[in-house]
Each structure stands twice: as C-alpha cells, then as structure tokens.
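Please read the structure below before turning to the comments.
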Amino acid sequence: MLAIDNLVVSYGKIDALHDMSISLEPGALTTLIGANGAGKTTLLKTISGLMKPKSGTITYEGTSLIGLEPHEIIALGIAHCPEGRRVLARQTVYENMKMGAYVRNDDEVGEDIEYFFKKFPQLEGRRHHLSGFLSGGEQQMLAICRALMSRPKILLLDEPSMGLSPVLVKEVFKIIKDIHDEGVTILLVEQNAKMALSIADKGYVLEVGRIIAEDTAANLMNSKSIQDSYLGG
Amino acid sequence: MFLQHLINGLSIGSVYALITIGYNMVYGILELLNFAHGDVYALGCFVVLGLVTAGIHPIIAILGGVVSGYILNILVERFAYRSVRFSGRVTPTISAVGVAYIMRNAILKIWGPETYPMKLGFRGTQLHLGGIVVGTLQIYIFIAAISFMVIISLFLKKTKIGQGIIAISQSIPTAALLGVPVNRTISIVYGIGGALGVIGGILFCAYYDTIFVGIGFALGTLKAWMAAIIGGVGSLKGAVIGAIMLGLIESMVAGYVSTLYKDALVWLILITFILIRPQGFFPSQIAEKI
Ligand SMILES: Nc1ncnc2c1ncn2[C@@H]1O[C@H](COP(=O)(O)OP(=O)(O)O)[C@@H](O)[C@H]1O
Ligand SMILES: [Mg+2]
C-alpha cells in the first residue's frame with residue numbers, strides 16, 4: 001500500500017536516514033521501533049511531505065509522493081499525528097477536530113465529530129475549551145481523533161505514548177488497536193517497543209538511520225537480541 | 001472643545017484602525033513586521049487617484065485600488081518574503097524595507113513628490129450638534145472601522161480559510177499536516193492586509209482631501225506600528241483599540257498642547273508606553289508560536 005525504497009534524508013550535510021526501505025501492507029499495523037535520535041520522526045515527516053528526501057522513492061498505491069506538499073499528501077489519505085501531539089492550543093477542541101477534516105468537502109464532518117465525542121466523553125465535555133488547557137492524555141486523544149477526522153487510509157503515529165502515565169499509555173494503545181480493527185493501515189513509531197510490538201503485525205527496528213531488523217512482531221518479541229536491546233532483557 | 005477633539009480623534013483613529021487591522025493580520029500569521037505595508041497601500045491609493053483622474057467613477061476607482069492593494073501585497077509576499085520566510089527575523093525585515101523603497105520609487109517615478117487633491121466626492125455634510133461639528137464622513141469612517149473588525153473576526157472564526165489562518169499562526173508544520181495549503185493561505189492573508197490598507201488609506205485621503213507619497217510610510221507603516229504597539233501586536237481587537245487611542249492622543253495633544261510638537265509628543269508617549277507595557281493592551285490572539 002505504501003512502499004518506501006532506498007530513502008535517504010538529511011539535515012544539511014548529515015544523513016539522518018540511510019538507504020531505508022519499508023513497506024506497509026493494507027490493513028496492517030506496522031511498528032517502527034528505535035531509540036531516541038534513530039530517525040523515526042524524520043521518516044514520518046518525509047512521508048507526510050514536511051521534509052524532502054535526498055534520494056529514494058515513496059510510492060502510495062502506485063503514485064509517487066515525492067515532491068508533493070503536505071496538504072496534497074493528506075488529501076490522498078495519509079494522516080500524520082505528530083510527535084508531542086501538537087494540538088492547536090488557541091483553538092477549541094471542536095475547532096481542532098474540524099481542522100482535522102480540512103481536506104474534506106463532504107457534509108458529514110459534524111457527525112464524525114459527534115461520533116468521536118461519543119467514544120471519548122472526556123473530549124465531549126470539553127468541546128468548547130481551548131485545547132491548550134487539556135491534560136496530556138486528553139491532548140493525545142484529541143490529536144489522534146483529529147488525525148482520524150480526515151478519514152485516512154493510512155495513519156502515521158509518532159510516539160503517541162510519550163509523556164503519558166502507564167494507565168494512559170494502556171488506554172492509548174487500546175485506542176490504536178481499535179483503529180487497526182476498523183481497518184485503517186497504521187505505521188506506529190515508538191520508543192516503547194514492548195507495547196508497540198504487542199499490538200503490531202509487523203515490526204522494523206531502526207538504529208541510527210538504518211533498518212537493522214524486520215520481521216513479524218511476534219518474531220521480534222522473541223528475538224534474543226531485540227529483547228536485550230529494546231525490551232529490557 | 002473636549003468633545004470636538006474626542007470626535008476628531010475617534011475618526012482619525014478609525015482610519016488608523018483600518019490600516020492597522022491589515023498590518024496586524026500579516027504580523028499575526030508570520031510575525032513579520034511588514035515595513036512595506038504603508039507603501040503598498042500608498043501605491044493602491046495612487047491607483048485610485050489615477051483612475052479618478054481618468055474620469056472613472058470614484059466607487060469603481062476605489063474598488064480598483066483595493067484590488068490592486070490585494071494583488072500587490074500578494075506579489076510582495078511571493079517574491080520578497082516567501083523565500084526568506086524561515087531565515088530568522090532580520091532578513092525578511094530587510095527584504096520588506098527593500099520592497100518599501102521599490103513601491104515608493106514607483107510612486108515618485110509616476111506621480112512625483114507633489115501633493116494632489118483627492119476628490120472622491122464623499123466629503124458629506126457637516127452636522128452642527130450644539131457647539132461641535134461632526135462630518136458625516138467621520139461617522140462613515142468610524143462605522144467602517146468597526147464593521148471591518150467584526151467582519152474579519154467572523155471570517156477568522158467561522159470560515160475554513162479563517163481557521164486555517166489561525167492554525168498557521170500557531171504552527172506552520174501542524175497546519176500543513178492537517179491539510180492547510182500553507183502558501184496559498186498566507187497569500188490570502190497578505191492580500192486581505194493589502195486590501196484593508198488601501199481602504200484605510202483611501203479614507204485617510206478622503207479625510208484630508210489630499211494624497212502624496214508620504215502617506216505610505218509616515219502615515220501608514222509608522223502609525224500602524226504605533227497603534228499595534230499600543231493595542232497589542234498581532235491582535236485584531238488590539239489593532240482597533242490601539243489605533244483609536246493613537247488617534248485620540250494625537251488629537252488631544254494637538255488640541256491642548258501644541259500642533260507643532262504633536263508628533264514629537266506622541267512619540268514620547270509611545271516610548272513611555274513601550275517601557276511600561278511592552279506587550280500592549282491586548283497581547284496577540286493569533287500570533288505567538290507555541
Ligand atoms: N531539525 C534538525 N536539524 C538537524 N538535525 C536533526 C533535526 N531533527 C533531527 N535531527 C537529527 O536527526 C536524527 C534523527 O532524529 P529524529 O528523526 O528526530 O529521531 P527520533 O524520532 O527517532 O528520535 C538525530 O540524530 C537528530 O539529532
Ligand atoms: Mg521522534
């Protein structure tokens with residue numbers, strides 16, 4: 001569904017991703033795990049058009065994404081829920097949700113918002129509050145729902161568990177699993193490898209800009225070297 | 001006497017308000033002090049003069065000027081600012097000053113440094129109420145300033161493009177990820193800023209019945225900047241309140257202290273104000289990156 005081949009992305013002279021290849025299968029939950037600074041965010045930013053690659057290809061259902069602007073890429077059905085949530089603090093919860101549907105032109109946006117509000121009553125109760133006043137967990141839920149408001153075929157999630165309490169981390173992973181069950185293709189980027197692999201179909205391990213392992217999530221979980229380096233032994 | 005100064009201050013303040021709304025919108029979205037703002041609208045006003053002189057109906061001429069302000073400011077953003085958008089603050093500011101000089105010289109080349117009468121035919125009548133004189137034009141100007149503030153606020157709050165503008169003013173990458181076409185939306189903001197500038201400039205010319213090249217910088221960019229400092233840079237409400245306060249201060253100083261030292265005194269008041277309250281009365285609603 002999404003194929004990335006031999007991708008090289010750099011900040012100035014320094015390459016952050018070297019010759020990277022990844023593919024996402026339709027409906028699959030793929031996870032990319034790796035330590036801080038490995039290049040996970042850089043990959044997602046390149047897929048969604050915020051960064052331009054030096055070389056390599058990104059192909060989505062047969063079309064090349066190289067050179068497209070972010071608003072064109074989300075319009076094709078790829079939504080990116082960024083690291084650190086990035087809610088629009090000066091807009092209300094409702095306005096943030098509407099912003100998520102910016103690329104849509106149908107008249108079901110209001111219904112979709114109510115659907116998510118029903119699912120996440122915490123957001124519903126704060127629909128007219130400025131998003132900057134939400135708690136970290138609420139902001140994360142808002143960020144995920146906002147990304148889903150574009151009705152994406154592929155959802156890119158950048159460290160959704162970052163900075164959340166263990167209880168909230170569990171809740172967020174449950175939400176991700178639900179989205180997966182509804183058929184959305186997901187690329188989940190995480191430092192929390194254990195949780196990510198436990199819900200994923202397939203995993204990639206990224207180390208300083210290179211993929212060093214690629215397998216089913218179950219196999220990665222059982223791999224001795226992955227256990228030692230990423231799953232706390 | 002006090003009432004008379006109050007009314008004069010309110011109406012000149014309303015002219016400044018229209019100029020400042022456009023200025024603050026542009027500031028709000030990119031945090032760029034647009035030093036070309038006044039010169040863009042001056043050129044737009046000269047377009048109106050040219051059209052009126054050519055015998056075109058003033059209303060059509062004004063529309064022509066407003067459209068040219070819209071287009072000019074879009075061109076300025078496209079060619080002078082876009083490529084330096086992420087180059088810190090100094091580079092775009094220098095670029096803006098450069099554009100201002102180009103506009104100013106274009107006016108000087110075509111119309112020269114002379115002061116022209118601006119006959120738009122809506123001087124209106126003078127109403128004598130008790131001891132004070134109120135021009136109908138003054139009333140129209142006041143209504144126009146308030147209406148535009150309300151229209152722009154509603155546009156930002158209620159329309160998709162307006163919400164996109166507010167999103168960009170918070171974070172360009174976040175807005176882009178949500179599907180806001182960043183370049184196109186920024187163009188629109190500049191266009192609106194230029195158009196509102198011309199409207200303010202035309203009312204200025206109508207108020208004084210004259211036009212000259214200096215209305216751009218001294219009476220446009222600087223006044224907008226002063227009003228923005230008083231009201232709050234980047235804020236729409238701040239633009240209007242700051243501008244009206246500036247008008248009132250000018251009119252009171254001229255009326256009670258001295259016409260000769262008016263500008264010097266107003267600057268003195270402004271500098272004192274910056275020292276006491278640098279964020280203005282209404283810190284930005286749409287600026288302030290997160
Ligand atoms: N804006 C930037 N400028 C320069 N280098 C950067 C920038 N952002 C990230 N990097 C570098 O690129 C590498 C990958 O970063 P990133 O993609 O953020 O990693 P991760 O998301 O896996 O933590 C790191 O070495 C980081 O220091
Ligand atoms: Mg990251």
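The values are calculated or read from the model by the stated rules, or taken from the named source; none is laboratory data. These figures come from a predicted structure and were not determined experimentally. Every residue, glycine as well, gets a Cβ built from its backbone with ideal geometry; the counts of neighbours run over all protein chains shown.
Quick notes on this one:
- Failed criterion for A:ASP228 (all others in (1) within 13 Å of ligand 1 (Cβ to nearest atom); (2) out of contact with any His (no Cβ under 9 Å at 6 or more places or on another chain) hold): (1)
- Qualifying residue in the range A:68-84 (condition: more than 30 Å from B:GLY162 (Cβ to Cβ) and more than 16 Å from ligand 2 (Cβ to nearest atom)): no
- Among residues of the range A:46-75, those that are within 18 Å of the chain's Cα centre (by Cα), in contact (Cβ under 8 Å) with a residue 24 or more places away in the chain, crowded, with 16+ Cβ neighbours inside 10 Å and more than 8 Å from chain B (Cβ to nearest Cβ), counted: 6
- Flag: B:MET252 matches the condition of being over 21 Å from the mean Cα position of the chain (by Cα) and either at pLDDT 90 or above or of a type in the set (Asp, Glu) (or both).
- A:ALA38 satisfies every condition listed in (1) within 16 Å of ligand 2 (Cβ to nearest atom); (2) of a type in the set (A, V, I, L, M); (3) surrounded by fewer than 22 Cβ atoms within 10 Å (Cβ to Cβ) except (3).
- A:ARG126 vs. criteria surrounded by 15 or more Cβ atoms within 10 Å (Cβ to Cβ), more than 14 Å from chain B (Cβ to nearest Cβ) and of a type in the set (D, E, K, R): yes
- Total residues in the range A:13-45, condition away from every other protein chain (no Cβ under 14 Å), under 21 Å from A:PRO70 (Cα atoms) and within 13 Å of ligand 1 (Cβ to nearest atom): 6
- Selection from the range B:199-220 of residues that are crowded, with 24+ Cβ neighbours inside 10 Å and out of contact with any Leu (no Cβ under 9 Å at 6 or more places or on another chain): B:ILE215, B:GLY220
- Note on the range A:1-35: among residues that are part of a loop (DSSP other than H, G, I, E, B) and touching a helix residue (DSSP H, G or I) at 6+ places or on another chain (Cβ under 9 Å), the one that is farthest from ligand 2 (Cβ to nearest atom) is A:GLY27.
- Elements of type helices (runs of 4 or more DSSP H) contained in the range B:165-277, each with 1 or more residues being within 14 Å of chain A (Cβ to nearest Cβ): B:172-177, B:182-208, B:236-252
- Candidates A:TYR102, A:TYR115: the one that is in a helix (DSSP H, G or I) and either farther than 24 Å from A:ALA196 by Cβ or charged (D, E, K, R) (or both) is A:TYR115.
- Condition check for A:ARG90: on the phi < 0 side of the Ramachandran plot, part of a loop (DSSP other than H, G, I, E, B) and away from every other protein chain (no Cβ under 14 Å): no
- Among the residues making up the range A:173-194, those that are assigned to a helix (DSSP H, G or I) and either within 14 Å of chain B (Cβ to nearest Cβ) or away from ligand 2 (no atom under 16 Å from the Cβ) (or both) are A:PHE173, A:LYS174, A:ILE175, A:ILE176, A:LYS177, A:ASP178, A:ILE179, A:HIS180, A:ASP181, A:LYS194.
- The set of residues in the range A:67-83 that are away from ligand 1 (no atom under 16 Å from the Cβ) and assigned to a strand (DSSP E or B) comprises A:ILE78, A:ALA79.
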